1. From ASP73, ASP105, ASP110, grab the single residue that is among the acidic types (Asp, Glu) and either more than 20 Å from HIS141 (Cβ to Cβ) or touching a Cys at 6+ places or on another chain (Cβ under 6 Å) (or both).
2. Would you mind telling me which numbered condition in (1) assigned by TED's automatic domain parsing to the domain that holds VAL299; (2) touching a Lys or Arg at 6+ places or on another chain (Cβ under 7 Å) GLY209 fails?
3. Only one of these is of a type in the set (Ser, Thr, Tyr) and without any contact (Cβ under 8 Å) to a residue 24 or more places away in the chain: SER365, SER377. Name it.
4. Within segment 514-547, take every residue that is touching a strand residue (DSSP E or B) at 6+ places or on another chain (Cβ under 7 Å) and among the β-branched types (Val, Ile, Thr) and give me the one that is surrounded by the fewest Cβ atoms within 10 Å (Cβ to Cβ).
5. Of the residues that sit in segment 56-86 and are in contact (Cβ under 8 Å) with a residue 60 or more places away in the chain and assigned to a loop (DSSP other than H, G, I, E, B), which one is nearest to ARG43 (Cα to Cα)?
6. Please go through segment 273-315 and give me each residue that is modelled with pLDDT of 65 or more, of a type in the set (A, V, I, L, M, F, W, C) and in a loop (DSSP other than H, G, I, E, B), ordered by number.
7. With ILE418, ILE405 as the choices, which residue is of a type in the set (A, V, I, L, M, F, W, C), free of Cβ contacts under 8 Å to residues at least 60 places away in the same chain and not assigned by TED's automatic domain parsing to the domain that holds GLU171?
8. Only one of these is charged (D, E, K, R), crowded, with 24+ Cβ neighbours inside 10 Å and farther than 30 Å from ASP113 by Cβ: LYS485, LYS507, LYS501, LYS511. Name it.
Amino acid sequence: MPVKVAPMLCTLTREVPTGAEFIHEVKWDGYRIIGYKHKSNVRLASRNGLNYSDKYPQIVAAMKQLAHDAVFDGEIVVHNDKGLPDFDALQSFRGAQPIYYYVFDILWLDGYDLKALPLLERKAILKDLVAGNEGFKYSDHFADGKALFDQMEKIGMEGIVSKDGGSSYSEGLRGRSWLKTPTEKRQEFIIGGWIESDTNPYFKTLLFGAYNGKKLEWIGHSGSGYKNKDMPGILKMLQAIETDKNPFSNKVDSKGRIHWVKPTLVANFKFATWTKAGRIRKPATFLGWRKDKKAQDVVREVPAELLPTNDARKTPAKKKARLTMTDSNWKKVEAQQYKQSSDIGIEDCSINFTDVDREIWPGISKAALIDYYHSISPYILRHLEDRPLSLHVKLINARAPGFYIKDMEGREPGCSGIFSTPRKHKTPGKRNTIDYLVCNNLPTLLYLVNLGCIDINPWTSRRTDPAHPDFIVIDLDPSDDDFSKAIKAAIATKQVLDQRKLKGFIKTSGKTGFHILLPCQGFSFAQARMIAEKICTDVHQLLPSITTTQVSVSSRGDKLYLDPNQNDEADTIASAYSARPAHGPTVSTPLDWKELTPKLDMNSFTIHTIPARLEKKGDLHKNSLDAAIRKKNTAILTNIYLS
């Protein structure tokens, strides 16, 4: 049973996402709590690890009634007389009002780690587990996010959270799987001082900010929302931490006599809008204190989009030292001399973009490739989530030689994820541990492209369950330029899958062939490879004259190779919607099986055409992440090939 869980975080967005993969939940105005129940022991932990068990004995009692050991994620909420969450009442809770634990996720149950399960499966388990327990409220989900948002806005609730129903639970990460859309702009900020008032004995306004790396930046001030009866107590709190030192790293644009305080108090504010300089345009309104949050964890949140270059934020400092091993390809990267360089703030990270005018293909710049990945990021990120990457770096252009980087050696951006694993074969000049990069957000994706990664190559398994692939790969690899053989082989593969009632997903490789993916779960890599080999044999029996299963290139002749070899541990495959370093800017593109006709032109799928195709067709591979399909495929494959 986990001792400590870092809650999964939401990315702020301006509008409710409309993708069919999203489910939508109410954003509860309470304290985020991870609840641990083991036999008769119960612990309620805040987001920063504080023990709140003594504060909420009713919730502890409700958890003790459960017949199972479990770890929950949810919010503790107190209702007002209208039945709506009341944050003020929660802060002043003394045991009189009804209080509930609104649970929206379950992470562990009776010895089983559930985080790798799809969200909808976790929620189904959760709903059954807490049914009938009066201390719990199951946080239900809805298909129509816009209707839910409109209802929350109408009754004055905080907003909604939209979640990818097929996503795993990624501890501590703020990615694209969970998106929050507030009805009002509201955030937590750190108090850095107060300004004296000419008309009352307490204060005129509070000054607040948020961390940018290790620096506390002033963002705005608040002169409203304070209850008269509370102002003496607030002033007393401020005076107790008064200091002569200005805690803010930037200029504070406020008039009056300022008193500075140590940056330890966190409060919630609502406000009108952001300025281009990253400040709050008008004075904010105080909503209440957030004693459950540590000041050092408070960073400014902006909607998930590119920010102006003059608003770039520093990447949070990494505790891990940067390394450069003897046999490291990072030396090639860092030997580069750049003509252009600029920092751009993206979400909660700052990425340094270099030589964006450099041509990747004739007439196509690095900037165009960055723009492509930015435009399709909502689609590709769902296929990259929690998957370790091998970086294929091309420092000159698409046709020039490249090299691979697996170990980040401490160079990953502060907003990126890492999967650390022991190196299986000790190698002189290399570390015994490999830190693979994990791309769960937009800044990491664009960091990769700027680094020189034209294509993005993830594992077939996730860091939450690295020993078991999510899908089996069949690679149709022509030995010559006859693309018609690839089309015939793909149609034959579909015939084999249909005969066995298997659900497969096809995409162009972005070069000369196709990749066919069979969603699965629970197989070892050895089993996945064995199944792939048997399917390739079945396809070869349908097309013996134009296909081969011979591994040796010299034995293939001009036949298409049915390749099962991308099913080993740590093997990678070009992601759906990844550009490829071919002669032109082609993209590995998901297809509808009906598109497999002699007219199919692989070269028509490029970084110029894919955004419009996505607008028209959507993500044709979104169901490849569906848990029900994985489960059904696994049962059939086990029965046919492993029994």
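The values are calculated or read from the model by the stated rules, or taken from the named source; none is laboratory data. Remember, predicted model here, so these are calculated numbers, not experimental data. All Cβ positions, glycine included, derive from the backbone under ideal geometry; neighbour counts span all protein chains shown.
1. Checking each option against the conditions leaves just ASP110.
2. (2)
3. SER365
4. In this case the residue turns out to be ILE546.
5. My answer is ASP69.
6. VAL298
7. That would be ILE418, the only listed residue that is of a type in the set (A, V, I, L, M, F, W, C), free of Cβ contacts under 8 Å to residues at least 60 places away in the same chain and not assigned by TED's automatic domain parsing to the domain that holds GLU171.
8. So the residue among LYS485, LYS507, LYS501, LYS511 that is charged (D, E, K, R), crowded, with 24+ Cβ neighbours inside 10 Å and farther than 30 Å from ASP113 by Cβ is LYS507.
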